[in-house]
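Notes for the one structure printed next.
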Amino acid sequence: MKFASAAAAITHSKQMASKIRRENPSGDVDRHVVVIDESGKEIHREAIYPA
């Protein structure tokens, strides 16, 4: 997906991680939603199952 700003993409990653936790309350702590910029550089990593 493309977003208007990095902040919008990061907000979406937090919402996605929260949705995944609600739908599947247990899981691997190494799973993340990752936000990358147009050049392919990682700009945010949101843990799905925080330790």
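Rule-based calculations on the coordinates, nothing more; no lab input. These figures come from a predicted structure and were not determined experimentally. Using ideal geometry, Cβ is built from the backbone for each residue, glycine included, and neighbour counts are taken over all protein chains shown.
Here are a few things to note about the model shown:
- Quotient of the Cα radius of gyration of the chain and 2.2 N^0.38 Å, N being its number of residues: 1.16.
- Principal-axis tilt of helix 6-23 within the chain, Cα atoms, nearest 10 degrees: 20
- Test item: Cα-centred dipole of the chain, Lys/Arg +1 and Asp/Glu -1 on Cβ, debye: 180
- Residues in segment 34-51 carry Karplus couplings, in order, of 10, 9, 10, 8, 4, 7, x, 7, 5, 10, 7, 9, 10, 5, 7, 10, x, 6 Hz; the curve used is 6.51 cos²θ - 1.76 cosθ + 1.60 with θ = phi - 60°, and Gly or Pro positions show x.
- A straight Cα-to-Cα reach below 12 Å connects LYS2 with the aspartates and glutamates ASP37, GLU38, residues fewer than 8 places away in its own chain not being considered.
- Protection proxy ranking of 7-19, 34-46 - average other beta-carbon atoms within 10 Å, highest first: 7-19, 34-46
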